[in-house]
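The values are calculated or read from the model by the stated rules, or taken from the named source; none is laboratory data. As the structure is a prediction and not an experimental result, all values here were calculated from the model. Note: ideal-geometry Cβ built from the backbone for every residue, glycine included; neighbour counts use all protein chains shown. Just the protein is used for accessible areas: all its heavy atoms, side chains included, with ligands, DNA and RNA removed. Shrake-Rupley method; radii C 1.70, N 1.55, O 1.52, S 1.80 Å.
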Amino acid sequence: MGDRASSLTRLYERLTGDEDSRLCKDIPDAACHEQPGNFFRHLLASLGNKLADELSSARLVLPWLMGALGAPIWMVGLLVPIREAGALLPQVFVAGYIRLKSIRKGVWVTGGVIQALAALVMAVMALFGQGAWGGALVLAALVVLSLGRGLSSIATKDVLGKTISKQRRGTLMGWSGSAAGAVTLAIGAVLMLFGDRPGQLALAILLLIATLGWVINALCAARIKEEPGATQGGQSIWGSLAEGMRLLRHDRHFLHFNLARALLLSSALALPYIALLGQEQSGANLGGLGIMILVSGLAGMLASPLWGKLADRSSRKVMRDSAVLATLCCLVAASFSWLPGSWTQSIWPYALVYAVLVIAHAGVRLGRKTYVVDMAGSDKRALYVALSNTFTGLLMLVAGGLLGGVAHFLGSGGLLLVLALCALGAAASSQRLPEVEQ
């Protein structure tokens, strides 16, 4: 047992570049002792979650599923807003409840189980669903999945802050993103072999693998060795909301971060529109889906460890640089709508830009996650994360409606130009944020 612990510690030190795993920042000594083991439990849990997220993506997989079911087109337009806002909006309402618990991994486990059950319903719909009723059940399952995702999101960051030291959290998220990207890469390559064949059975298999991913996530979360935390400050739902509003009014640092994060939504909102442009060139066949999944997995595998290392040095700079990259991607993709040539009729140019935007979005996610965890003290971390996510969820709903109107009048190319301006504003706003890693 001792040899196994020693090997685990050496592997942890190799992955993190840490010469002494006993040196920790911002976590108790008891948690520091358990950090190498907890690092790998977090890593496997995050791998399961990221893999499941990719294989049930509202930006790629679920639109293909809706098309295969013959669901109305307006249902497809609801996928991304439900996925994002449904996960973010409720979080401030459960922050006070989580704060009352000295051990919070149970909330994480509950969220993982809920997501697994919802993905299982989607897999069943892929086999037996049809038309509007099948699409409606997929949307209903997505609502439930998003609520479970919201529970897991806030609890995951709180447990991460209690069990993994500062300047190690970004590295952890980077390695998990890389591993999930490698698995997704293999799945995309297999789907490419299906070519033009329809694939409701293949879609069902993807969603069953997603179900398994969330089961792994819940099991690994249950095994994390979490020290009891403070329960002072636990509040009712409305008390948490009121305190959150006070934070936004009086904590200028926190308000500035949320404004930067709001503008960073441009990277997430641009992804489905670039995928849509590519889908118009390839149709709804599995070969096109396989290419998009392939490039997404490859981009995630390459980008996440690099962003993770950089986030541990300066998450502010990661947010800034990834926003600049997202700006360039939106501009290039928009130009495809107006450039002549047969090459723009292939899915590959869109897939390549999509891959680069996935890299940028990985930086946005890693940067903002690391920033908010490092910015918040241990006594306010859950509330900071929840309030920031709820604020972003509200903006996602509003932005989704507004951008739908913009796309209707200007087309996908014009919309991408608007999103490029938002991403540029995000870069400028992130540049002005203070450092929090030291």
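Return only the number of the condition from (1) crowded, with 22+ Cβ neighbours inside 10 Å; (2) closer than 25 Å to Ile224 by Cα; (3) at pLDDT 80 or above; (4) aliphatic (A, V, I, L, M) that Ala95 does not satisfy. Among (1) crowded, with 22+ Cβ neighbours inside 10 Å; (2) closer than 25 Å to Ile224 by Cα; (3) at pLDDT 80 or above; (4) aliphatic (A, V, I, L, M), the lone unmet condition for Ala95 is (3).
If the condition is being open to solvent by less than 10 Å² (accessible area, probe 1.4 Å) and modelled with pLDDT of 80 or more, then segment 330-349 contributes Cys330, Ala333, Ala334. Looking only at segment 224-258, how many residues end up being modelled with pLDDT of 70 or more, open to solvent by less than 50 Å² (accessible area, probe 1.4 Å) and not in a helix (DSSP H, G or I)? Adding up the residues that qualify gives 3.
Quick one: is Arg261 of a type in the set (Lys, Arg), surrounded by fewer than 18 Cβ atoms within 10 Å (Cβ to Cβ) and either on the phi > 0 side of the Ramachandran plot or at pLDDT 70 or above (or both)? Against the criterion (of a type in the set (Lys, Arg), surrounded by fewer than 18 Cβ atoms within 10 Å (Cβ to Cβ) and either on the phi > 0 side of the Ramachandran plot or at pLDDT 70 or above (or both)), Arg261 does not qualify. For segment 64-79, residues that are in a helix (DSSP H, G or I), touching a residue at least 60 places away in the same chain (Cβ under 8 Å) and open to solvent by 20 Å² or more (accessible area, probe 1.4 Å) total 2. Annotation note: of Leu137, Leu151, Leu142, Leu127, the sole residue that is in a helix (DSSP H, G or I), modelled with pLDDT of 80 or more and more than 28 Å from Gly290 (Cα to Cα) is Leu151. Selection of first residues in segment 408-429 that are in contact (Cβ under 8 Å) with a residue 60 or more places away in the chain and under 11 Å from Ala260 (Cα atoms) and of second residues that are of a type in the set (Val, Ile, Thr) and surrounded by 15 or more Cβ atoms within 10 Å (Cβ to Cβ), restricted to Cβ pairs under 6 Å at least 6 apart or on distinct chains, gives the following pairs, ordered by first then second residue: Ala423/Thr327; Leu424/Thr327; Ala427/Val324. Go through segment 311-329 and give me each residue that's open to solvent by 70 Å² or more (accessible area, probe 1.4 Å), hydrophobic (A, V, I, L, M, F, W, C) and at pLDDT below 85. If the condition is that a residue be open to solvent by 70 Å² or more (accessible area, probe 1.4 Å), hydrophobic (A, V, I, L, M, F, W, C) and at pLDDT below 85, then no residue fits.
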